[in-house]
Amino acid sequence: METRSSVFANPKPCKHLTDYKLRHGLSGYKFLQKWLKTFPNGKTSIKMCETKMPKCSFCSGIRQGRLFLCLICSSMSCSDHTLLHSQSENGHDIAVDIERSELYCCSCSDQVYDLDFDKVVVAKNIVDMPSKTRDSVVDDLMRRSSKRRRLNSVVDLDLIRSKFFVWMRGRRAKSCYPLGLRGLNNLGSTCFMNSILQALLHAPPFRNYFLSERHDRETCRKRSSDQSCLACDIGVIFSAVYSGDRTPYSPAQFLYSWWQHSANLASYEQQDAHEFFISVLDGIHEREGKERNPNKDNGDCQCIAHRVFSGMLRSDLTCTTCGFTSTTYDPCVDISLNMDTSSFSSVDVANKSVRPNEDTGSSTLLACLDLFTRPERLGSDQKLYCQNCQEKRDSLKQMSIKRLPLVLSLHIKRFEHSSLRRTSRKIDWHLQFPFSLDMTPYLSPSIVRNRFGNRIFGFESDEADISAEFEIFAVVTHSGMLDSGHYVTYLRLQNQWYKCDDAWITEVDERIVRASQCYMIFYVQRMLYYKANEDLSCTPMPSRRDPFVPIAGCC
């Protein structure tokens, strides 16, 4: 395992950023420093001119989406034209997001991270502090720097950031948020990771398990020589996030552990949030599942990943000739739903040239669930062997849910890949989803009874053990194009919605959430949701807290 650690501890950074620094050094960073402006909420943006609105040099669009400033020629490009700028101007690959003051590679169409740039931004923030506050922060940094051994260069910068945010906290209008709301620093195209982590951190039964220290990190290390444990590292994040500290946290150790678990995804490139979610649960299961139930399959697994997220799907295959039905059951940690196409004719769906404009399409979550549980006639090339007829026959397939999980995760298939046409695209339709969801119509008893005219059938009783009424608590959204984009999570805590955009946490209206392009939706049993709201207290920010206390896992 040690050899793997050496391979995946430091993936190659963006080659375009490396080339830029070799040619220009830090001159562009330092030149940009005078345009940086820090606001009372701690957010840093670029303000080149107070009288003129920034606009894209290609389409002249004013604040349509995110705007990026080229570090070479200072031209402005919107998110749709950054790649065009790098292609038309050789070597003009690196730009800065003017709203977030974060580096962006135009050629890779993705955010990149550089420690030197972050130092320039933080140095500007410290310079803008009142003199007394600045002196105390700098003195404290010098005194502590000789005593700390850092995990890596990303965590190295957290102390500087945190001291600045301690000063900013007194100036924030809102000093009272539910406990556990804490931003996560983007470590270089890691918004996919941050968005899923925010959902996991606020899944009530998952949260309760780690905050009650049911996963003992010390015992885990003693049992195994493998020092990489995703469950241990998630426990560290839980301790840090629920410590009361509001400064953005860097989940660097967790990222490295995940790279070792998913070697094929170890890079600074943007990854799919849904794949990351499945990979993390799989990593937790690998460690906890072996210890708790080495001889059981996932359906009966007692690891925390499956106890919280695992349900059971039922698949019925019915022979269209004799009516014989064969049934299989499969465990699942999420349900992937196709966008509903019932409003289009079969000709429209098959012929994309006459398909309506995808930007104006819309669907509903209930329609997607109906589509998931609707009987599907298998094609002639998919004939299955009928045990009653003793030969291959045409058949109908129907899915239903045999057992619901405590936390229901729904994945919306917004990315389509055609192996025949060798093309991929993103579906930008708007999806309407309810905040309260009753899953009773999609359970196996309801589906089978409807199939046979609501006749009474006997079923196993395990479905009744779990409530079918759910409440929404997290929505992971994706904005942008197929090959590039940005993930953001909306959290519902105490009936108030919060936007988690990497390091930035802001209150938002529910209309913003409903209008977003949801990619994953997380529901929890209604009873657990209301119990979680009772447990969450509105705790004021502490006047002073060292983010490098042992509980944060940064020392």
Accessible surface ranking that places the most exposed of Trp259, Trp504 first, with a 1.4 angstrom probe: Trp504, Trp259
Calculated FRET efficiency for the pair Asp394/Lys30, C-beta based, R₀ 51 Å, to 0.05: 0.10
Order of exposure, largest accessible area first, which applies to Val333, Val96 with probe 1.4 Å: Val333, Val96
Amide H contacts under 5 Å for Ala503, placed H, 5+ residues apart: Leu184, Asn186
Other-chain or far-sequence residues with amide H under 5 Å of Leu26's (modelled H): none
Long-range HN-HN contacts of Lys402 with modeled amide H, under 5 Å: Met312, Leu313, Arg314, Ser444
Segment Ser315-Ser60, length gained on full extension (0.36 nm per residue, minus Cα span): 86.5 nm
Euclidean distance between Cα centres, the stretch 59-111 to the stretch 466-514, Å: 26 Å
Distance in nm between pseudo-label sites at Arg526 and Ser45 (7 Å out along the Cβ direction from Cα): 4.1 nm
Exposure of Tyr490 as accessible area (Å², to 10), given a probe of 1.4 Å and all protein chains: 20 Å²
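The values are calculated or read from the model by the stated rules, or taken from the named source; none is laboratory data. As the structure is a computational prediction, the values presented were derived from the model and not from experiment. Ideal geometry is used to build each Cβ from the backbone, glycine not excepted, and the neighbour counts take in all protein chains shown. Note: areas computed on protein heavy atoms with side chains; ligands, DNA, RNA excluded. Shrake-Rupley method; radii C 1.70, N 1.55, O 1.52, S 1.80 Å.
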